[in-house]
Each structure stands twice: as structure tokens, then as C-alpha cells.
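What follows is calculated from the coordinates using simple rules that are stated; it is not laboratory data. Note that the structure is a prediction, hence the values are computed from the model and not measured. Every residue, glycine among them, receives a Cβ derived from its backbone with ideal geometry; neighbour counts consider all protein chains shown.
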Amino acid sequence: MSDKKIALFPGSFDPFTKGHEDIVRRSLKLFDEVIIAVGYNSAKKRYFEVNYMMERISSAFGPEDSVSVVTYNELTADLAQKTGASFLIRGLRNTTDFEYENSISQVNRYLNDKLETVFLITTPEYAHISSTIIREVHKYDGDISPFIPYDL
Ligand code: ADP
């Protein structure tokens, strides 16, 4: 295994928001490489198609950013092992996120005890941004461009 610090940032990213982008950019200061992993579950219908979202996410980052975007349909802990990631990144907006993330991280630790989950607290100006609300706005033809770091 290389000494490179690789971090995996898993999520639905339906869609990827400025809040997510902020977490990635801050993670790049802590890790050598960040892999954004877009979860794809065939039983769960997405609003934004997974390949389209992957392409849009890539467009938000430049070649100088050590970021890659993958899709996955397996346990996050297994994907981490395959990609050589020793860290999982998650963002925390509030106590609701904390309750949920706390349980997930305990399960991930059980599944792969070499995987360390790192939580970044949301930058206040992005704390109100949620993919769920953005989907609602888009559905009713509202302008979502202030909330996403790319053109749709
Ligand atoms: P999931 O369905 O796995 O929760 P999401 O795409 O909703 O996936 O979120 C991925 C990660 O990004 C989660 O850790 C979530 O807490 C975090 N996150 C979501 N919105 C924001 C935001 N506005 N600022 C910072 N982190 C966020």
C-alpha cells in the first residue's frame, strides 16, 4: 500500500451541491487525493441521472485538483478497500446529520477497521443547502444555479 493519503467522499449527490464542493475543497488540504463516489442503487430512482451527475461533478474541478469521480453500487467499506482509501469523508450540517452519521461510521468501522471516518463541519453559508430542497426547486422550474458549482 502506498503512503498516499486517499480519502473517499461517498454520497448520493442527487445533485452535488456547493456544500459538497466545499467539503471536497477543504478535504484536498488534508489528503493527497479525494475520490468522490456517487452511490447508485438500481432500486432507488434518482432525480439526476448518475452518469450525467458524474460528468457535471468532474466539470467543477480542474486538472490541478487531485479529485476523481466514480460510481458505485456496493458497501462503501468495500469500495474504500478496493480504491486504497484509508479515510471516509462525511459532512456534518446539524445534529440530525450527526445522529445518522454516527451510526453509519460505527457500522463502517465494524466492516473495515482500517477505515477512519473524518467529519468536516459545514461552512455556515452552505449549511442550509440540501439536495432534497434543490430537487424540489428544480422540479417546479426554479433556478438552482446559486446552489450548484457547475452549469446544468
Ligand atoms: P447521502 O445520501 O449518502 O447522505 P448526500 O449526497 O445527501 O448523500 O450527502 C453526502 C455527504 O455530504 C453527507 O455526509 C452529508 O452530510 C454531506 N452534506 C450534504 N449537504 C451538505 C452541505 N450543504 N454541506 C456540507 N456537507 C453536506
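If the limit is 21 Å between Cα atoms, which of Lys18/Lys45; Lys45/Lys114; Lys18/Lys114; Lys4/Lys82; Lys18/Lys44 go over it? The answer is Lys18/Lys45; Lys45/Lys114; Lys18/Lys114; Lys18/Lys44. For the range 87-101, backbone nitrogen atoms closer than 17 Å to the point 7 Å from Val70 Cα along Cα-to-C-beta are found at 87-90. Using just its DSSP H runs of length 4 or more, each adding -39500 (n - 2.57), the chain gives a mean residue ellipticity at 222 nm of -10500 deg cm²/dmol after division by all residues.
With a cut-off of 15 Å on the backbone N, the residues of the range 1-32 near the modelled label site 7 Å out from Lys82 along Cα-Cβ are 8-11. Using 0.36 nm times the number of residues separating Tyr52 and Val107, minus their current alpha carbon distance, what extension gain do you get? Extra length available between Tyr52 and Val107 comes to 16.8 nm. Angle between the Cα long axis of helix 50-59 and the longest principal axis of the chain, 0 to 90 degrees, nearest 10? Approximately 90 degrees, to the nearest ten. In the range 6-145, the inverse of the mean reciprocal separation of distinct Cα atoms equals 15.6 Å; this is its Kirkwood hydrodynamic radius. A Stokes-Einstein calculation at 20 °C with viscosity 1.002 mPa s, built on the Kirkwood radius of the range 70-152 over Cα pairs, returns a diffusion coefficient of 144 µm²/s.
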